[in-house]
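To start, the structure itself, in structure tokens.
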Amino acid sequence: MDTERTVRVFTDFYRERGHHLITGSTLLPPPGDPVLFTTSGMHPLTPYLEGRPHPRGRRLVNVQRCLRTTDLDEIGDSTHLTVFEMLGSWSLGDYGHSHSPRWGYELLRDGFGIPREQLHVTVFGGDEQVGPDLESLRTWEELEVPVELTRDDNWWSNGPVGPCGPDSEIFVWTGDTPPRGTPTTEPRWMEIWNHVVMRYRRLEDGSLQPLERPGIDTGMGLERLVTFLQGRDSVYDTDLFEPWTRRLPSLWELDEPSLRLVCDHLRSGVVMIGDGVRPSNTGRGYVLRRVVRRLLTTLRRDDPSRTLRDLPVGLLQ
Ligand code: SER
């Protein structure tokens, strides 16, 4: 299943269930927002998850480009990317808690053909402030998907204050053997989808205020899903990166980690510049500058004559 079809299967599934397809925002959050970049699909929807009515209704679906600077040092492994896309679905105070795992499971099984045996979930097991997420636990048990309870890993928040709540993380088995272990004990369980019950608002003093109308926020990394569905070991081996991985080796001789870094940083740089970021020594511009500097350093390490002018124009559009 190629990337385009994967996106369509996801968005059609939710549209058929009454969700309105909204256009993704840019990587730049609105003025006054404390973060530099949009880091998840829910981020531009924060005011609506906190109760403001959304003009498109209470069920939404979209594809949102995101950038996480926390992952910059992981670039070069097989799953992390600086810029990635997130498939997201939302209930803004509309349907109840258990709809989300049920639909999620149905889409993974029938839409993407992933059998139950290759799935595992983790669910919030409770902490000093909030009890375990028993409703999600019960729903996953009814669906007969194995569950592991955790604490910190299953609490979603977008920052120190704002909407937050317990989540269910869905993992797929990527090993060559039959599945074994659990997501916290066996790295071959790869996380692909997060279903959050946005039930609280965290206040400045650290306390939790229940939201009048809890929402559901789900987010699935498109590139990771595509890697799994295409049976690849690395995101760079999917159709998404094919134009880059096909063209770059004929321009520059690079080892595998360098090729991955160059692919990631070129793609991220193009997206950031497309969204209006320019290199500078502060804020967003500094992130872009770091990306470009690392890209050029990697290219010039073996051959100082290499330059981005070597690239065919088509690759930068
Ligand atoms: N907010 C959750 C995440 O980013 C689900 O969208 O993982």
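The values are calculated or read from the model by the stated rules, or taken from the named source; none is laboratory data. None of the values given here were measured: they were computed from a predicted structure. Backbone-built Cβ (ideal geometry, glycine too); neighbour counts: all protein chains shown. When the accessible area is computed, the model is the full protein with side chains, heavy atoms only, and any ligands, DNA or RNA have been set aside. Shrake-Rupley method; radii C 1.70, N 1.55, O 1.52, S 1.80 Å.
Criterion applied to 235, 271 was being open to solvent by less than 10 Å² (accessible area, probe 1.4 Å), within 22 Å of residue 6 (Cα to Cα) and of a type in the set (A, V, I, L, M), and the one residue passing it is 235.
If I filter the range 8-22 for residues that are out of contact with any strand residue (DSSP E or B) (no Cβ under 7 Å at 6 or more places or on another chain) and either within 13 Å of the ligand (Cβ to nearest atom) or on the phi > 0 side of the Ramachandran plot (or both), do I get at least one hit? Checking the range 8-22: not a single residue is out of contact with any strand residue (DSSP E or B) (no Cβ under 7 Å at 6 or more places or on another chain) and either within 13 Å of the ligand (Cβ to nearest atom) or on the phi > 0 side of the Ramachandran plot (or both). Just so you know, in the range 51-79 the residues that are touching a residue at least 40 places away in the same chain (Cβ under 8 Å) and within 14 Å of the ligand (Cβ to nearest atom) include one that is surrounded by the fewest Cβ atoms within 10 Å (Cβ to Cβ), and it is 63.
Among the residues of the range 295-317, those identified as in a helix (DSSP H, G or I) and either crowded, with 18+ Cβ neighbours inside 10 Å or out of contact with any helix residue (DSSP H, G or I) (no Cβ under 7 Å at 6 or more places or on another chain) (or both) are 295, 296, 297, 298, 299, 300, 301, 302, 308, 309, 313, 314. Residue by residue through the range 1-26, note down the ones that are in contact with a Ser or Thr (Cβ under 9 Å, 6 or more places away or on another chain), within 12 Å of residue 229 (Cα to Cα) and not in a helix (DSSP H, G or I). Hit for the range 1-26 is 2, nothing else. Annotation: of all residues in the range 160-190 being at pLDDT below 95 and in contact with an Asp or Glu (Cβ under 7 Å, 6 or more places away or on another chain), the one that is nearest to residue 49 (Cα to Cα) is 163.
Suppose the filter is within 16 Å of the ligand (Cβ to nearest atom) and touching an Asp or Glu at 6+ places or on another chain (Cβ under 6 Å); does residue 42 pass it?
Details: within 16 Å of the ligand (Cβ to nearest atom): yes; touching an Asp or Glu at 6+ places or on another chain (Cβ under 6 Å): yes.
It is true that residue 42 is within 16 Å of the ligand (Cβ to nearest atom) and touching an Asp or Glu at 6+ places or on another chain (Cβ under 6 Å).
Please work out which residue is farthest from residue 90 (Cα to Cα), limiting yourself to the range 148-180 and to residues that are open to solvent by less than 70 Å² (accessible area, probe 1.4 Å) and free of Cβ contacts under 8 Å to residues at least 24 places away in the same chain. Looking at residues that are open to solvent by less than 70 Å² (accessible area, probe 1.4 Å) and free of Cβ contacts under 8 Å to residues at least 24 places away in the same chain, I get 177.
Restricting attention to the range 48-70, the residues being in contact with an Asp or Glu (Cβ under 8 Å, 6 or more places away or on another chain) and not in a loop (DSSP other than H, G, I, E, B) number 6.
Answer with yes or no whether residue 233 is in a loop (DSSP other than H, G, I, E, B), in contact (Cβ under 8 Å) with a residue 24 or more places away in the chain and of a type outside the set (Lys, Arg). Explain how you work it out, then say what you get.
Details: in a loop (DSSP other than H, G, I, E, B): yes; in contact (Cβ under 8 Å) with a residue 24 or more places away in the chain: yes; of a type outside the set (Lys, Arg): yes.
For residue 233, the condition - in a loop (DSSP other than H, G, I, E, B), in contact (Cβ under 8 Å) with a residue 24 or more places away in the chain and of a type outside the set (Lys, Arg) - is met.
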